[in-house]
Amino acid sequence: MKRRDLIRLAIIAGIIVAAIAYLFPIEGKIRLGLDLKGGSHIILQCVPTPNAPVTEDSVNRVLEILRNRIDQFGVTEPVIQRAGTNRILVQLPGVKDPQAAMELLGKTALLEFREVVNVGPEKPLKPQRKNYSSENEYEEALKNYKEAMKEYEDTIKKFKERTKKERELSVNFNRETGRVYLLGKTWLTGKYLKNARTTFDRFGTPAVSLEFNSEGAKLFEEATRKNVGRQLAIVLDGNVISAPVVQEVISGGKAQITGDFTLREAQKLAILLRAGALPVKVEVIENRTIGPTLGQDSIRKGIKAGLFGGALVFIFMLIYYGLMGLVADLALAVNILLIFAALAGLEATLTLPGIAGIVLNIGMAVDGNILIFERIKEELREGKTMRASIDAGFRKAFRTIFDANVTTLIAAAVLFYFGSGPIKGFAVTLSLGVIISMFTAIVVTRSILDVLVSMKVKALRVLMVPKVKEG
């Protein structure tokens, strides 16, 4: 046996062992689609605010931003589509916990930089008896708390009465301290955001640095110019995150959100903003878990059809091509193993159309071997040696196999680009199958045949061309 053949066999064996080690135990490695496993069903509604009305463009932006955001969290093949004029349907395969689904969607992340019209007190903390040495001290603290709460509630009431007269104003609260703010004009929103990343402020506390596009940079510069010496509130989802005093005009379009963030909170906020701050307010009006849409019976039938189809192909190749058919069957087994390993590695989602793609690929995988074997037969009938016939057979069949697979890959790419949900699943499994079947048909089959020829296995020639004597 030639050294080159041994090296190729060793590489193939290494790939197979790595695929088996990665894939097994298979439980949890292959993600199943909504039709096979169920998931979360969420309906979101775009809600207008005085500063962010719901328009056709804003709903489309929300749709695109949610799609990008979910992709960043690795949920593949979700269903995200409009449902009416201002609603969006989101279905997340395999996510059965409603809370986890909302974690994946993230907060609505409506980012605004707003003028601070007035500031009220922080929300007072209720005294705890254990913190006081005597009952009198506790009663005195409780009395002060009630007075502070009355002042706090009166401020809120006064601010709310003012918002009834001036629609641009709104009452907002600091998410940590509960301090009440009366906010005015929105200078700019997250739609001008170019980038967001996690950084640290001067005290070493995690923060989020923002960079706006050219239009946003101009608006931010104007906002800081008009508010020098005054507070400018950074508002996220209606909560005041920070309200720094503008010391000077800031040009260049860069800002920083500081607050009492943990590093994880800052990273998550940066991801949400980077994935896109929503142009309008979005509310969740339905969030529930749904089961497999096709049912267990359909799943069993799909798997049974795949196994039955594969078995028929195995038997046909064995009967028609004998020992070479067995080689093709081995290559086919490697093909199926590598497809599932690739699906697991890419964290792709397997749907019922995806199973159909794998079954289709089984037929296409042996198709390449049949082309090669028929070419080899022709060469053998012309009286060439086994080694020369295999060389010529693979060389002549390669162009046909390559062209056929490239056109299929183009079709799969078009399906993936324009399709959605299960259609994308079909395109992914078909593409993987085409690429892997070329590898198994050309490399794996060729390597095994070369080894058999080196071992002088005469059955190869006899089974391929029974009436031709070895010479």
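Compactness of the chain was expressed as the Cα radius of gyration divided by 2.2 N^0.38 Å, which yields 1.44.
Its DSSP H runs of at least 4 residues, each contributing -39,500 (n - 2.57), put the calculated 222 nm mean residue ellipticity of the chain at -18500 deg cm²/dmol, to the nearest 500.
Backbone geometry of segment 303-308 corresponds, through the Karplus equation with coefficients 6.51, -1.76 and 1.60 at θ = phi - 60°, to 3J(HN,Hα) couplings of 5, 4, 4, x, 5, 5 Hz, x marking Gly and Pro. Once the Cα-Cα distance is subtracted from the 0.36 nm per residue extended length, the residue 423 to residue 122 segment shows a gain of 103.0 nm. At full extension, residue 160 and residue 455 could sit 97.1 nm farther apart than now, given 0.36 nm per residue minus the alpha carbon distance. Here is the list for segment 162-268: GluC sites (Glu not before Pro) lying in DSSP coil, each with at most 10 other C-beta atoms within 10 angstrom of its C-beta, are 248. Contact order for the chain, expressed relative to its length and based on alpha carbon pairs under 8 Å spaced 6+ residues apart, stands at 20 percent. The amide H of residue 351, built 1.01 Å from its N in the peptide plane, has 33 as neighbours under 5 Å, considering only residues 5 or more places off or on other chains. For the chain, the solvent-accessible area works out to 52 Å² per residue, with a probe of 1.4 Å and every protein chain left in place.
Leaving out ligands, DNA and RNA, and with a 1.4 Å probe, what % of the accessible surface on the chain is carbon or sulfur? Carbon and sulfur atoms account for 57 percent of the accessible area of the chain.
For the chain, the longest principal axis of the C-alpha atoms and the axis of helix 352-381 are separated by about 30°. Between residue 243 and 234, the built amide H atoms are under 5 Å apart, and every one of these is 5 or more places off in sequence or on another chain.
Under the combined filter of DSSP loop state and at most 11 neighbouring Cβ atoms within 10 Å, segment 333-391 retains these GluC sites (Glu not before Pro): 382. So what's the angle, to the nearest 10 degrees on a 0 to 90 scale, between helix 263-275 and the longest Cα principal axis of the chain? Helix 263-275 and the main axis of the chain meet at about 70 degrees.
Starting from a Cα-only point model with no solvent, please compute log10 I(q)/I(0) by Debye for segment 304-450 at q = 0.13 1/Å. Relative scattering, expressed as log10 I(q)/I(0), comes to -0.58.
If you filter segment 103-201 for trypsin sites (Lys or Arg not before Pro), then keep DSSP loop positions with at most 12 other Cβ within 10 Å, what is left? Counting only loop positions with at most 12 other Cβ atoms within 10 Å, the trypsin sites (Lys or Arg not before Pro) in segment 103-201 are 167. Length gained on full extension, residue 435 to residue 308: 43.4 nm, using 0.36 nm per residue less the C-alpha separation. In segment 139-207, the convex hull through the Cα atoms has an average projected area of 7.6 nm², a quarter of its surface area.
Between the Cα long axis of helix 56-72 and the first principal axis of the chain there is an angle of about 60°, rounded to the nearest 10.
Magnitude of the charge dipole for the chain, about its Cα centre and with charges confined to Cβ atoms of Lys, Arg (+1) and Asp, Glu (-1), is about 1200 debye. Over segment 136-211, Cα pairs under 8 Å with separation of 6+ residues give a relative contact order of 15 percent.
Values of log10 I(q)/I(0) for segment 215-255 across q = 0.17, 0.21 Å⁻¹ run -0.43, -0.65, by the Debye formula with one identical scatterer at each alpha carbon and no solvent.
In this structure, the pairs whose alpha-carbon distance is over 24 Å, taken from 157/226; 37/281; 158/185; 164/218; 191/281, are 157/226; 37/281; 164/218.
Given 25 °C and 0.890 mPa s, compute D for segment 314-383 with the Stokes-Einstein relation, Rh being the Kirkwood radius over Cα pairs; round to the nearest whole µm²/s. Diffusion coefficient, whole number: 182 µm²/s.
With the highest mean first, a sort of the peptides 284-291, 203-210, 361-368 on other beta-carbon atoms found within 10 angstrom per residue produces 361-368, 203-210, 284-291.
The values are calculated or read from the model by the stated rules, or taken from the named source; none is laboratory data. No experiment lies behind these values; they were computed from the predicted model shown. So basically every Cβ, Gly included, is an ideal-geometry build from the backbone, and we count neighbours across all protein chains shown. Only protein heavy atoms, including side chains, enter the accessible area calculation; ligands, DNA and RNA are left aside. Shrake-Rupley method; radii C 1.70, N 1.55, O 1.52, S 1.80 Å.
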